[in-house]
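The values are calculated or read from the model by the stated rules, or taken from the named source; none is laboratory data. These numbers come from a predicted model, not from an experiment. Counting neighbours? That spans all protein chains shown, and the Cβs are built from the backbone with ideal geometry, glycine included. Keep in mind that these areas ignore ligands, DNA and RNA; they rest on the heavy atoms of the full protein, side chains included. Shrake-Rupley method; radii C 1.70, N 1.55, O 1.52, S 1.80 Å.
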Amino acid sequence: MANIKSAIKRNKQNEKKRLHNRVYRGRARTFISKANTAIAGGDAELSASAVVAAVSALDKAAEKGVIHKNNAARRKSRLMKRLAALSK
């Protein structure tokens, strides 16, 4: 446990940020897993809408600084690649 006042404050700030970031990271993960499930199901329309939602969630997380922009771009690219393979 921190004894110094500034360290105690920093711990409080970090905890608040962790809880805030967790929302965006979890939302992105949820939408990605839903998109992967839809793609595995084989329905092109449902998959396309699920991928759009996942891309939006990833963009939001990257915008907030929860994940790095290149991380978001890589995940979006992989989703789009799977979606394109489904439509062939």
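If the condition is being open to solvent by 40 Å² or more (accessible area, probe 1.4 Å) and touching a Ser or Thr at 6+ places or on another chain (Cβ under 9 Å), then segment 15-35 contributes only F31. Selection over segment 36-63 of residues that are in contact (Cβ under 8 Å) with a residue 40 or more places away in the chain, closer than 14 Å to R78 by Cβ and out of contact with any Leu (no Cβ under 6 Å at 6 or more places or on another chain) gives a count of 1. Applying a threshold of 6 Å to beta carbon distances and a minimum spacing of six or more residues, or different chains, the list of pairs starting in segment 9-24 at a residue that is in a helix (DSSP H, G or I) and ending at one that is open to solvent by less than 80 Å² (accessible area, probe 1.4 Å) reads N11/A2; N21/V66; Y24/A61; Y24/V66.
When each of V66, V51 is tested for being open to solvent by less than 40 Å² (accessible area, probe 1.4 Å), modelled with pLDDT of 95 or more, aliphatic (A, V, I, L, M) and more than 10 Å from the chain's Cα centre (by Cα), the lone residue that passes is V51.
For segment 62-88, enumerate the residues that are in a helix (DSSP H, G or I) and charged (D, E, K, R). Before the answer, list the steps.
Residues of segment 62-88 in a helix (DSSP H, G or I): 62-64, 69-87.
Within segment 62-88, E63, K64, K69, R74, R75, K76, R78, K81, R82 meet the criteria.
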